[in-house]
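*Asks:* Questions regarding the structure given below will be posed in turn.
Rule-based calculations on the coordinates, nothing more; no lab input. Everything numeric here is computed off the predicted structure, so don't read it as measured data. With ideal geometry, Cβ positions are generated from the backbone for all residues, glycine too; neighbour counts draw on all protein chains shown.
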Amino acid sequence: MVLSMDKWVGKVAVVTGASSGIGAAIVEELVEHGVKVIGLARRVELVEELANKLSNQKGELHALKVDISNTQEIVNVFKTIEEKFGAVHILVNNAGILLKSSLLDGDVEKWRKTFDTNVLGACTATKEAISIMRKHDVDGYVINMNSTLGHKIPPISFNVYPASKFAITALTETLKFELGTLNKKIRVTSISPGLVETEIFKTENFTLPGMSEMPIMVPRDIADTVIFVLSTPQHVQVEELIVNPTGTMM
């Protein structure tokens, strides 16, 4: 199997949650490989700063503001993307939130926000991106940023977050089936990282017992897995990729 990113040079990739952490790392690597990236985020100013930083790279980065929990904003932004940049070739559903709560006495609005962002936002972005891919008849790729918590629940309460990621596992499988029935050359992959040093834990001061002693990855490690998946030839589909730090016990 020959790995190469050449087929994506000059093509359009949309990355949600592009302002920091894994999203920003994915954006950087795609731009370094010559991809034209549209970075979506609420904190669009951070994506704009990143675009300036990457201005001398092979590809390019364009920042657009969107709240991935807002269906109409997603629909509108993909309309703008198609009008300005044409066909979408890659979608990376990276946006996700982990809010401090519990199932026993939790905040229902936090639960709703989690599902609106992690599940419905990804579904809507996927629907809009694939609609454009089909319209332009491109061999596209959808990558869902999942989690090891979408496969196995540790004895620690993450409230509704694992349920939202189990949903991504199921949705990836369903999407693969639906695309197969259409005989479309659009591939789909779920990437499930273990513990990564990102802002997702810092947002609400969410800590795990013994977290400071746990093996942990950095966002670039996960961005590398995205590049690996995209580098595979058209006849190969990496359906699920679980990535853990060496020595993890979770």
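*Asks:* Among the residues of the stretch 120-130, count how many are in contact (Cβ under 8 Å) with a residue 12 or more places away in the chain and either crowded, with 22+ Cβ neighbours inside 10 Å or charged (D, E, K, R) (or both).
*Replies:* Pass one, the stretch 120-130, residues in contact (Cβ under 8 Å) with a residue 12 or more places away in the chain: 120-126, 128-130.
The next check asks that each one be either crowded, with 22+ Cβ neighbours inside 10 Å or charged (D, E, K, R) (or both); those that pass are 121-122, 125, 128-129.
Result for the stretch 120-130: 5.
*Asks:* Sticking with this one: Only one of E83, E109, E73 is buried (at least 16 other Cβ atoms within 10 Å of the Cβ), part of a helix (DSSP H, G or I) and among the acidic types (D, E); which?
*Replies:* On the way: E83 fails: buried (at least 16 other Cβ atoms within 10 Å of the Cβ); E109 fails: buried (at least 16 other Cβ atoms within 10 Å of the Cβ).
Going through E83, E109, E73 in turn, the sole match is E73.
*Asks:* Same structure again: So which residues in the stretch 136-151 are in contact (Cβ under 8 Å) with a residue 40 or more places away in the chain and surrounded by fewer than 21 Cβ atoms within 10 Å (Cβ to Cβ), if there are any at all?
*Replies:* H136, V138, D139, T148, H151
*Asks:* Somewhere in the stretch 55-62, is a residue assigned to a helix (DSSP H, G or I), surrounded by fewer than 17 Cβ atoms within 10 Å (Cβ to Cβ) and free of Cβ contacts under 8 Å to residues at least 60 places away in the same chain? Walk me through it before giving the result.
*Replies:* Start the filter on the stretch 55-62 by keeping residues that are assigned to a helix (DSSP H, G or I), which leaves none.
No, there is no match, as no residue in the stretch 55-62 is assigned to a helix (DSSP H, G or I), surrounded by fewer than 17 Cβ atoms within 10 Å (Cβ to Cβ) and free of Cβ contacts under 8 Å to residues at least 60 places away in the same chain.
*Asks:* Among the residues of the stretch 1-52, write down those that are farther than 20 Å from D67 by Cβ and among the acidic types (D, E).
*Replies:* The answer is D6, E28, E29, E32.
*Asks:* Could you say which residue among A51, A24 is under 21 Å from L230 (Cβ atoms) and either over 13 Å from the mean Cα position of the chain (by Cα) or surrounded by fewer than 21 Cβ atoms within 10 Å (Cβ to Cβ) (or both)?
*Replies:* On the way: A24 fails: either over 13 Å from the mean Cα position of the chain (by Cα) or surrounded by fewer than 21 Cβ atoms within 10 Å (Cβ to Cβ) (or both).
None of the others qualify; the one that does is A51.
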